[in-house]
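The values are calculated or read from the model by the stated rules, or taken from the named source; none is laboratory data. Given the structure is predicted, the values throughout are model-derived calculations rather than measurements. Cβ placement follows ideal geometry from the backbone for every residue including glycine, while neighbour counts extend to all protein chains displayed. For the accessible areas, the whole protein counts, side chains as well, though only heavy atoms, and no ligand, DNA or RNA atoms are used. Shrake-Rupley method; radii C 1.70, N 1.55, O 1.52, S 1.80 Å.
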Amino acid sequence: NYDFVSGFLTEARKAGKISWEDIEDRTRRPRDVQMWNDLTLFAETVRHAYRKNVWDYQRRYVVVWVEKDALSALFEPILNEYGVTLVVGRGYNSWSIKHDQAERFQRERKPATILYFGDFDPSGEDIGRDLKNSFDFFGLRPKFIKVALTLEDVRKHDLPEALAKRTDSRTKGFIEKYGDTSVELD
């Protein structure tokens, strides 16, 4: 089904029925190198790029962590405005990104808080445990808050539910704790 939908969307874009801008592929971005034709243009870029470090005067360092890359387009503009780092997990995070964030937390020299946004399903709930255990490995204990989705969100907003994925090894424990339901954040 994925291949069918992908092919259909490709043909629809090529035929002009769907705008190219309506579909975003975050996995294959070019890695452009910034260049300037002269020092005056470079100086203008630097002048507009300067931002005072807002974290110098905060008691805690805050990072927003999202489970899915598809959500990053919603979060990026808001977080950029406030100077908050966005970490996109694409499911469970690699040890490389956990290590990089652990080093960042250590450089900040203040307690860290992770605000997590993920699905209400077996993996979405378990990612928090995984992150906590991973940071324990690095000798760090950032405060972890699952902002959304929670069981309370599902009930309060009467969100559309689906059955928990049977292929997920964490499903049995999730069902025992929450029942046989899951909700996608997106």
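Report the full-extension gain for the segment Arg170 to Asp153: residue separation times 0.36 nm, less the Cα-Cα distance, to one decimal in nm.
Values: separation 17, 0.36 × 17 = 6.12 nm, distance 2.09 nm.
Extending this stretch completely gives an extra 4.0 nm.
Taking a 1.4 Å probe, which of Glu125, Glu152 shows the most accessible area, and what order do the others take after it?
On the way: Glu125 50, Glu152 125 Å².
The residues order as Glu152, Glu125, largest area first.
Give me the extension gain from Glu24 to Lys110: residue separation times 0.36 nm, minus the current Cα-Cα distance, reported in nm with one decimal. Kindly include the intermediate steps, with their values, before the conclusion.
On the way: separation 86, 0.36 × 86 = 30.96 nm, distance 3.61 nm.
Once the chain is fully extended between Glu24 and Lys110, it gains 27.4 nm.
Taking the Cα centre of the chain as origin, work out the dipole magnitude from +1 charges on Lys and Arg Cβ and -1 charges on Asp and Glu Cβ, in debye rounded to 20.
Numbers: 31 positive and 32 negative charges, 169 e Å.
Taking the Cα centre of the chain as origin, the dipole is about 820 debye.
Can you pull the accessible area of Val5 for me, 1.4 Å probe, Å² to the nearest 10?
80
Take Ser169, Ser94 and sort them by solvent-accessible surface of the protein heavy atoms, 1.4 Å probe, largest at the top.
Ser169, Ser94
Working out 0.36 nm times the residue gap between Asp3 and Asn133, then minus their Cα-Cα distance, what length gain in nm do you get to one decimal?
43.2 nm
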